[in-house]
Ligand SMILES: *Cc1c(COP(=O)(O)O)cnc(C)c1O
């Protein structure tokens, strides 16, 4: 296709997009900045901006401590109930608390206690490092008989499900997997894996950080045991917004949080000196939440519920397929290689391209010296550029412009003007 034909097609896709009205509900300072990093930090919803001023001035500033009863105290559970439909869970099964890392610790610890006698934890080498670090820490805590075994990847992109299954044995207490892998976007079949893990007598803990708000997830339908995930990625909750945690209803009574903080206590304001866990999902709370970050989560998830996950996932697939088709027709001869699964049912909402000059190409996209279009994806070592597509605000025309810029950067060797020295956060 010619450049003009691509433009016509992109404009048509944007006109036909059932979600096209949502973009204007985000704060977009410049139409010349194409933001493709919503999988790391979602854009700011305009409502959140106004809400935060209200939380600061009216709630904290004016109503002071009374705001706890009026607005804040029930918020972790209220937000949990609003996140539930986004991940296919029910009321009373999700709560907002701590970071994803801490939630993973709480649930993995609780599972090892429950599964006493079983000493193996299974994960994979595509998992986000913090998950593996937390599990390595648990091994030290639980003793030398505990082992962590990781399913390997042959191509750096996917995990062979059969290989994963082969390391889940009768001695396995817990399987911890990211539904969508952070580098390649590889996505597991949640139902198939969940069933297999349970058949082997283990529990499964899904990390939904790169999946929630981007792909359809059916935790209840698949009978999933536990899940955790970030709210600052596709849920657009803002930098450092607290994470969510899901435990299937019938498991809640069986699991105990290892961090017995007062927010998870039955009646915290009785200040009883002996801990009694709260009933239900609330027992997985720890201490006082970061209220400003907590309150900022709501407008983003309200929008996702309004749009509906089925429509969001469909658009995510269309955006990624459009990008992959442009990569095939426009970028084939420029040294790029697709670093994500080809089939949409095996992929989350980002696409990775591999290139020997990935880091400097990324720099040229972010800091253009000649083009007026600035594109923000991110770089993941050793040679991946991740392009995150957020269905509520990414347009097909932005996808088209991104492919066009990639071609220009290579053709004109724009990346040669940048250093290979990396900054602290990439
Ligand atoms: C982003 C991400 C995290 C981050 O965890 P924090 O505790 O919020 O820093 C964890 N797991 C996965 C899979 C992620 O993508």
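Restricting the first member to segment 61-79 and to residues that are within 21 Å of residue 241 (Cβ to Cβ), and the second to residues that are part of a helix (DSSP H, G or I), the beta-carbon pairs closer than 6 Å and six or more apart or on different chains are 67/59; 71/59; 72/291; 75/294. Would you call residue 193 in the same structural domain as residue 135 (by TED's automatic domain parsing) and farther than 17 Å from residue 83 by Cβ? Judged against the criteria, residue 193 is a match. Among the numbered criteria (1) within 21 Å of the chain's Cα centre (by Cα); (2) within 19 Å of residue 220 (Cα to Cα), which single criterion is violated by residue 92? Going through (1) within 21 Å of the chain's Cα centre (by Cα); (2) within 19 Å of residue 220 (Cα to Cα) one by one, residue 92 breaks only (1). The strands (runs of 3 or more DSSP E) found wholly in segment 81-164 and carrying at least 3 residues that are touching a residue at least 40 places away in the same chain (Cβ under 8 Å) and within 29 Å of residue 260 (Cβ to Cβ) occupy 94-97, 120-124. Looking across segment 339-352, the residues that are under 17 Å from residue 328 (Cβ atoms) and surrounded by fewer than 24 Cβ atoms within 10 Å (Cβ to Cβ) come down to 339, 341, 342, 343, 344.
Does residue 229 qualify as being more than 16 Å from the ligand (Cβ to nearest atom) and at pLDDT 95 or above? Talk me through it step by step, then tell me what you get.
Values: more than 16 Å from the ligand (Cβ to nearest atom): no; at pLDDT 95 or above: yes.
No.
None of 174, 255, 190 is touching a residue at least 12 places away in the same chain (Cβ under 8 Å), away from the ligand (no atom under 15 Å from the Cβ) and buried (at least 24 other Cβ atoms within 10 Å of the Cβ) except 174.
Out of curiosity, is residue 201 more than 15 Å from the ligand (Cβ to nearest atom), within 24 Å of the chain's Cα centre (by Cα), in contact (Cβ under 8 Å) with a residue 24 or more places away in the chain and not in a helix (DSSP H, G or I)? Taking the combined requirement at face value, the residue does not satisfy it. The residues of segment 107-127 that are within 12 Å of the ligand (Cβ to nearest atom) and buried (at least 21 other Cβ atoms within 10 Å of the Cβ), listed by number, are 123, 124, 126. Among the strands (runs of 3 or more DSSP E) confined to segment 363-425, the ones with at least 2 residues that are in contact with a strand residue (DSSP E or B) (Cβ under 8 Å, 6 or more places away or on another chain) and under 28 Å from residue 15 (Cα atoms) are located at 374-376, 384-388.
The values are calculated or read from the model by the stated rules, or taken from the named source; none is laboratory data. Bear in mind that the values here come from a model prediction, so they are computed numbers and not experimental data. Don't worry about glycine lacking a Cβ; one is built from the backbone with ideal geometry, like all the others, and counts go over all protein chains shown.
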